[in-house]
Amino acid sequence: GNSVTQMQGQVTLSEEEFLFINCTYSTTGYPTLFWYVQYPGEGPQLLLKVTTANNKGSSRGFEATYDKGTTSFHLQKASVQESDSAVYYCVLGEWTGNTGKLIFGLGTTLQVQP
Amino acid sequence: GPKVLQIPSHQIIDMGQMVTLNCDPVSNHLYFYWYKQILGQQMEFLVNFYNGKVMEKSKLFKDQFSVERPDGSYFTLKIQPTALEDSAVYFCASSSLGGAEQFFGPGTRLTVL
């Protein structure tokens, strides 16, 4: 079945450092890929989405490129802020007819120190 | 942005009892979902619901689970009877279309003793 792998459980950075979170996926079809972010006490919220191979999604300074060759969808940000501290989920959308579901990675906790 | 509400935020019950988790989805959304997250583990899909029917459910959606949304009110997840392994955070989500962005509530933490 479809799956998503995030190997980094926790990432700790200082403000203005570069962020890179690894994500690889496995699917038999043409995936829609997302990054969701979850702040303490809240549910996950959409950060960015990409539906076409080799396309890049971006939002609030975060970027991710869907690489069909390496089946990767890594998340990057050039300069993190303390307010970026949260859990980041790489997510694969799986659709059946007119409904679907999201397949989540394990999540990467980002802690940004001032 | 659009908000999904979940009531209650925490629920503690004894094993074997019934529990109902309530979700107030975004007002014009038509598709509804429940996900389950055990502490330290992946968030996992339980079920989706559209037009009054379960469209798809996972193997985690046991016979003891049921969902409904009577007359456009809360979208509910009922577990009867509960088991120890049902302890988790349950997230509700809704979307306007089947493949559209899903908006999540803050979750209900269920503890079964």
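Taken together, the values in this text are just the output of simple stated rules run on the coordinates, not laboratory data. Note that the structure is predicted; figures quoted are calculated from it, not measured. Every residue, glycine among them, receives a Cβ derived from its backbone with ideal geometry; neighbour counts consider all protein chains shown.
Of the beta bridges DSSP finds with both residues in the protein assembly as shown, what % are antiparallel, to the nearest 5? Please report the intermediate quantities before stating the final value.
Values: 71 of 80 bridges.
If we restrict to bridges inside the protein assembly as shown, about 90 percent are antiparallel.
Over chain A, what relative contact order in percent results from Cα pairs under 8 Å that are six or more residues apart?
On the way: 294 pairs, mean separation 41.3, N = 114.
Value for chain A: 36 percent.
Across A:Leu19, A:Leu33, A:Leu75, mean-square fluctuation computed from a Gaussian network of chain A (C-alpha pairs under 10 Å connected) peaks at A:Leu19. Applying 1/(1 + (r/R0)^6) with r as the Cβ-Cβ distance of B:Met18 and A:Phe18 and R0 = 45 angstrom yields a FRET efficiency of 0.35. Springs join every pair of Cα atoms under 10 Å in this Gaussian network model of chain A, and among A:Thr70, A:Thr27, A:Thr51 the largest mean-square fluctuation is at A:Thr70.
In plain terms, the chain from B:Lys59 to B:Ser27 could stretch by 8.6 nm, reckoned as 0.36 nm per residue minus the Cα-Cα distance. The alpha carbon centroids of region B:7-46 and region A:83-114 are separated by 18 Å.
When the dipole is taken about the Cα centre of the protein assembly as shown, and only Lys, Arg (+1) and Asp, Glu (-1) are charged at their Cβ, what size is it in debye, to the nearest 20? Walk me through the numbers before you get to the answer.
Details: 15 positive and 19 negative charges, 107 e Å.
Computed charge dipole of the protein assembly as shown: roughly 520 debye.
Determine the gain in length on full extension of the stretch A:Gln81-A:Thr109; use 0.36 nm per residue of separation and subtract their C-alpha separation, reporting nm with one decimal. It would help to have the intermediate numbers written out before the result.
On the way: separation 28, 0.36 × 28 = 10.08 nm, distance 1.42 nm.
Length difference between fully extended and current span is 8.7 nm.
Put simply, the convex hull of the Cα atoms in region A:59-114 casts, on average, a shadow of 5.2 nm².
For B:39-47, what's the mean count of beta carbons from other chains sitting within 10 Å of each residue's beta carbon?
Numbers: counts 0, 3, 2, 9, 12, 4, 6, 1, 1.
Per-residue shielding by partner chains comes out at 4.
Within the listed set A:Lys101, A:Lys56, A:Lys77, the Gaussian network model of chain A (springs between alpha-carbon atoms below 10 Å) gives the highest mean-square fluctuation for A:Lys101. Taking all Cα pairs closer than 8 Å and separated by 6 or more residues, the relative contact order of region B:33-79 comes to 24 percent. Measuring r between the beta carbons of A:Asn98 and B:Gln11 and using R0 = 25 Å, the FRET efficiency lands at 0.15.
Given N residues in chain B, what is Rg(Cα) / (2.2 N^0.38 Å)?
On the way: Rg = 13.1 Å, N = 113, 2.2 N^0.38 = 13.3 Å.
The value comes to 0.99.
Note on chain A: Cα-only Rg and Dmax are 13.7, 47 Å.
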